[in-house]
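Worksheet: the structure to be examined is printed underneath.
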Amino acid sequence: MEVSRNWRLQSQRYRMEGLRCEQCGTVIFPARAHCPQCAGESFASLALRGLGEVYSFTQVHDAPAGFEHDAPFFLALVRLDEGPLVTAQLTDVERETVHIGMPVEMVTRKLREDGERGMLVYGYKFRPLLRQRRPDEAVALPARVRVPATEAVAA
Amino acid sequence: MNQPMPTQAEIKPMLPVLPVGVAGYGAYVPRFRLPAAEVARVWTGNTGNSLAVTEKAVAGLDEDVVTMSIEAARNAIARAEIDPVDIRAVWVGSESHPYAVKPTATIVAEAIGAVPHTQAADWQFACKAGTEAIQAGIGLVGSGMARYVVAIGMDTAQGRPGDALEYTAGAGGAAILLGPAAESLAVIEGSHSVVTDTPDFWRRQHERYPEHGQRFTGEPAYFRHVTTAASELMQGLGTTAGDYAHVVFHQPNAKFPQRAGQLLGFKPEQLEAGLLAPFIGNTYAGSALLGLTAVFDKAAAGERVLLVSFGSGAGSDAIAFRVTARMQAQRDLAPSTATYIARRTQIDYALYARYRGKLALQ
Ligand SMILES: [Zn+2]
C-alpha cells in the first residue's frame, strides 16, 4: 500500500470534498480534471454533506486483497443529494434491511489496514440515516447541478 | 473511606479568567451488544454476574477510537453550529489509540476540517483522559488563547478473555466542544482535580490486556478520589448535593457510581439520566462523558450538573456545569445518546471474538 497515495486522497476520503464546475454548476465527486457535463476545467471545491440514498448494491463475499477481513460486506452505488453517484461500502447494515432507495449518510470508518505493522486507512462508508434530517436538508439542490444517472454511471 | 485525603483549609475551585462553556457536545456508541450472560455462559457456565451490567457495547470491524471520535466530534460541531476552522485544539483521551506512535488527534482534526491551524494531541490517564483534556481546554479557551477546543474521551476497551473486566469493558465515548460561555449550551461553574500515585490498574508497553489490583480498585482508588474531588468542588463552590439536578460519575460498573452517589448524599434519581453502564458497560475514557451527554439531552435551562470522572493510577476530575437556555434549541441538531444506545445489534461470544481480534489467524 502506497503511503503517499493515501495521503493525497485524504480530503476526498475524510471530508468528501468534491468540486463544483464554475461554468455549469455540476457537482463532481470524486474530483477529476474535466467537467463531465461541459468539459469545463475551472472548479471551486465543495464539501459534500454526505447525505443520499442507495442507488444499487451488491454483497461481496470474495473480497479483493486488503479487504478479506471485512467480508462479507455490502458495496453500493449511492446517489448523493448534490447529484454525484459514488461507490462505497455500506456499514451497520443487515441483509434483511438493506434496500434500493434506503436513505444513508456518510461516516468515516477504517477501510483497511496494512497488516500488523502498516498504516491504517480511513475513509467514507455509508450507513442507514441515524439522525433526523433538518428541514433545510430535505430539499435537494436545484436540478441544474444534478448529474444524470447515465453519465455518472459511465464515469 | 479507610484512608481519607489530607484536606486544605480552603479549597479554591479552578476557574478560568474568561468564562467558558460547552458550545456543543456529541456522543458515539457502536451498535453491537454483548450480553454479560453470554460472557458468563462461555467462561463459567452460569448466566449471572454481580456487576449489574446487562450488556456492553462492542465496536465493529471497521471501527476504532479514530472513527468513533470523528463521529462524536462531528456531532458536537453540528450542535454548536460553528466553522471547524475556528477550533484551535483537538485532544483525544483514550487508552485504546489505534497507533502506539502517531496521534489519533491529527486524523480526527483532518476529518472534521480543523486542520492545519490547530493543536492536536492524544491524552493518556486511563479512564479520565477525556476530562483531563476538558480541563486543559477550559484553560485554553478561558485564557483567550483559543475560541474553541474539542476534547474527546473515547475507548474500545479490552478485557482479557475470561477476566472480570471482560463482562464490562465496552466501547464508546463523547466529544465536548468548549467555547466562550456567552454562546454556550452549559456554562462551566468550576472544576477541581485530585491525584495520587495509586496502583489499582495498569497496562505495560506492548501488553495487550491490562492488569488490575483486584479488590484494591474500590476503596483506595475509585471511592477515595471520586468522593474527595466531588465534595471539595461542591464545598469550594458553596453548593451541596441537593443543588444539582444531575450527577454523573465514572461508571466501571453500575454499583460503584451508585455507591459514590450515596456516600456524597445524592439521591438515586439524580444519577438516573447519566447512568449508562447497565446498557453499554464501562466505556473507560468515554464513560463519564457519555453519561454527561445523556444528561445534556434531557436537562432543562438553569439546572446544575456535576461530572466526576475517575482514572486509574489514580485521580478524579470534578466539573460543575449550569445548563443555559440555548441547550434546548441546539440539542436536536445531532443524534441523542439514547438514539445510539437504542441502535442495538446483539452478538454472541464467537462474533465478539472475531470483531475484537481475539482469534489468531496465523
Ligand atoms: Zn461544467
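The values are calculated or read from the model by the stated rules, or taken from the named source; none is laboratory data. On a predicted model such as this, the values are computed, not experimentally measured, just so you know. All Cβ positions, glycine included, derive from the backbone under ideal geometry; neighbour counts span all protein chains shown. What goes into the accessible areas is simple: the full protein's heavy atoms, side chains included, and nothing from ligands, DNA or RNA. Shrake-Rupley method; radii C 1.70, N 1.55, O 1.52, S 1.80 Å.
If A:Thr87 passes every condition in (1) surrounded by 18 or more Cβ atoms within 10 Å (Cβ to Cβ); (2) modelled with pLDDT of 95 or more; (3) within 11 Å of the chain's Cα centre (by Cα) but one, which one does it miss?
(1)
Within segment A:106-123, how many residues are within 10 Å of another protein chain (Cβ to nearest Cβ) and in contact with a Lys or Arg (Cβ under 7 Å, 6 or more places away or on another chain)?
5
I'm trying to understand the selection: among the residues of segment B:268-305, which are of a type outside the set (A, V, I, L, M, F, W, C), in a loop (DSSP other than H, G, I, E, B) and open to solvent by 20 Å² or more (accessible area, probe 1.4 Å)?
Residues satisfying the conditions are B:Asp297, B:Lys298, B:Gly302, B:Glu303.
Considering segment B:78-98 alone, what residues qualify as being within 12 Å of chain A (Cβ to nearest Cβ) and in contact with an Asp or Glu (Cβ under 9 Å, 6 or more places away or on another chain)? Let's see the steps before the verdict.
The initial filter retains those residues of segment B:78-98 that are within 12 Å of chain A (Cβ to nearest Cβ), namely B:78-79, B:81, B:83-85, B:97-98.
Within segment B:78-98, B:Arg79, B:His97, B:Pro98 qualify.
For segment A:43-72, which positions are under 26 Å from B:Ala111 (Cα atoms), in contact with a Lys or Arg (Cβ under 9 Å, 6 or more places away or on another chain), free of Cβ contacts under 8 Å to residues at least 60 places away in the same chain and more than 16 Å from the ligand (Cβ to nearest atom)?
A:Ala47, A:Leu48, A:Glu53, A:Phe67, A:His69, A:Asp70
Among the numbered conditions (1) out of contact with any Pro (no Cβ under 8 Å at 6 or more places or on another chain); (2) within 16 Å of the ligand (Cβ to nearest atom), tell me where A:Val78 comes up short.
Evaluating A:Val78 over (1) out of contact with any Pro (no Cβ under 8 Å at 6 or more places or on another chain); (2) within 16 Å of the ligand (Cβ to nearest atom) leaves (2) as the failure.
Assuming B:Ile347 fulfils every condition listed in (1) among the hydrophobic types (A, V, I, L, M, F, W, C); (2) open to solvent by 40 Å² or more (accessible area, probe 1.4 Å); (3) within 13 Å of another protein chain (Cβ to nearest Cβ); (4) more than 30 Å from B:His192 (Cβ to Cβ) apart from one, which condition is it?
For B:Ile347, the exception is condition (2).
Any idea which residue in segment A:3-42 is nearest to the ligand (Cβ to nearest atom), counting only those that are closer than 30 Å to B:Glu71 by Cα and open to solvent by 60 Å² or more (accessible area, probe 1.4 Å)?
Step by step, filter segment A:3-42, then rank; the result is A:Arg20.
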